[in-house]
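Report on the structure given below.
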Amino acid sequence: MSVDGYIDDASPQRLRLSNTADFDRVDSVRASCDAILVGAGTVRTDDPRLLVRSPERRARRVARGVPAEPAKVTLTSSGDLDPDAQFFTTGQAPKLVYAASPAVRELTGRLKGRAEVVDAGDPLILAVALADLRQRGIRRLMVEGGGSVHTEFLTLGLADELQLVVAPFFVGDPYAPRFVQPGVFPQSPKRQMRLAETTRIGDVVLLRYLIGTGRG
Ligand SMILES: NC(=O)c1ccc[n+]([C@@H]2O[C@H](COP(=O)([O-])OP(=O)(O)OC[C@H]3O[C@@H](n4cnc5c(N)ncnc54)[C@H](OP(=O)(O)O)[C@@H]3O)[C@@H](O)[C@H]2O)c1
């Protein structure tokens, strides 16, 4: 995020906040996970591929007996997902879409052959999606945004670790998306985090926090 807490600006182009070394660090974290989750908003806005780029890391995963890439996961209520988005068209790993019940039928048809659509309730219940992921053997899930998804995981106490990278940008635009939004759950508890690491990576800084009993 920028120093004032934004994860993008309000322009149609994606704001590149991190530097090359930090993108490589993200690549290594991806390689250590069983799955990567982003919200449907990020799939629509950023069109990310969510792949492990380093051939060495991919080879090490295969040597460990797991697929070269983590599974990809997204969440949607509206069902507004383009089957030609790179989320669906790149990589060999399974793609999972947790959808609110009313969107499931149409989305299953639209994403046929590209992703498995799972009914996660009406309204969609995040804990249902996470329990299903666990049943599929997903133990370490990397959540890569955007702001709505960060807000849910943090206010619902569903994250064990937060890796926050602060970039030397001041965005200052109230229309830009923030790292988190105001809590949507009025009674959400204030969660103490433990600072486990600070690392300077060129002109950005990584702050790694452990949350609750999370060991990272
Ligand atoms: N700097 C970074 O590291 C970074 C990383 C990722 C994203 N971003 C930025 O974040 C912005 C997007 O953030 P965002 O908040 O708009 O979108 P988001 O968090 O990526 O996705 C929100 C969408 O996900 C679905 N969703 C999430 N939780 C749900 C739930 N519990 N039940 C049902 N559906 C759920 C909904 O999709 P439907 O609308 O389809 O129902 C919702 O609109 C973009 O500007 C992007 O560039 C920045």
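The values are calculated or read from the model by the stated rules, or taken from the named source; none is laboratory data. Model, not experiment: these values are computed from the prediction. As a convention, Cβ positions derive from the backbone with ideal geometry for all residues, glycine included, and neighbour counts pool all protein chains shown. Areas reflect the complete protein model, heavy atoms only, side chains present, ligands, DNA and RNA absent. Shrake-Rupley method; radii C 1.70, N 1.55, O 1.52, S 1.80 Å.
From the set of residues in the range 12-62 that are among the small types (Gly, Ala, Ser), without any contact (Cβ under 8 Å) to a residue 60 or more places away in the chain and part of a helix (DSSP H, G or I), which is farthest from the ligand (Cβ to nearest atom)?
Ala59
Taking the range 60-79, which residues are at negative phi and either in contact with an Asp or Glu (Cβ under 7 Å, 6 or more places away or on another chain) or among the aliphatic types (A, V, I, L, M) (or both)?
Just the residues of the range 60-79 that are at negative phi, to begin with: 60-64, 66-78.
Selection gives Val62, Ala63, Val66, Ala68, Pro70, Ala71, Val73, Leu75.
Just one of (1) over 18 Å from the mean Cα position of the chain (by Cα); (2) away from the ligand (no atom under 13 Å from the Cβ); (3) in a helix (DSSP H, G or I); (4) acidic (Asp, Glu) trips up Glu106, so point out which.
(2)
Quick one: in the range 151-163, of everything that is within 14 Å of the chain's Cα centre (by Cα) and over 18 Å from Arg140 (Cβ atoms), which residue is farthest from the ligand (Cβ to nearest atom)?
The selected residue is Thr151.
For the range 92-103, does any single residue satisfy the condition of being more than 13 Å from the ligand (Cβ to nearest atom), in contact (Cβ under 8 Å) with a residue 60 or more places away in the chain and surrounded by 14 or more Cβ atoms within 10 Å (Cβ to Cβ)?
yes
Residues of the range 104-119 being touching a Phe, Trp or Tyr at 6+ places or on another chain (Cβ under 7 Å) and open to solvent by 40 Å² or more (accessible area, probe 1.4 Å), which ones?
Across the range 104-119, the qualifying residue is only Arg114.
Quick test of your reading of the structure: Pro123 fulfils all but one of (1) surrounded by fewer than 17 Cβ atoms within 10 Å (Cβ to Cβ); (2) away from the ligand (no atom under 11 Å from the Cβ). Name the failing condition by number.
(2)
Looking at the range 80-91 only, could you name the residues that are out of contact with any Asp or Glu (no Cβ under 6 Å at 6 or more places or on another chain) and buried (at least 17 other Cβ atoms within 10 Å of the Cβ)?
Leu81, Phe87, Phe88
Quick check on this structure: which one of Ser2, Ser77 is open to solvent by 30 Å² or more (accessible area, probe 1.4 Å) and near the ligand (Cβ under 10 Å from one of its atoms)?
Ser77
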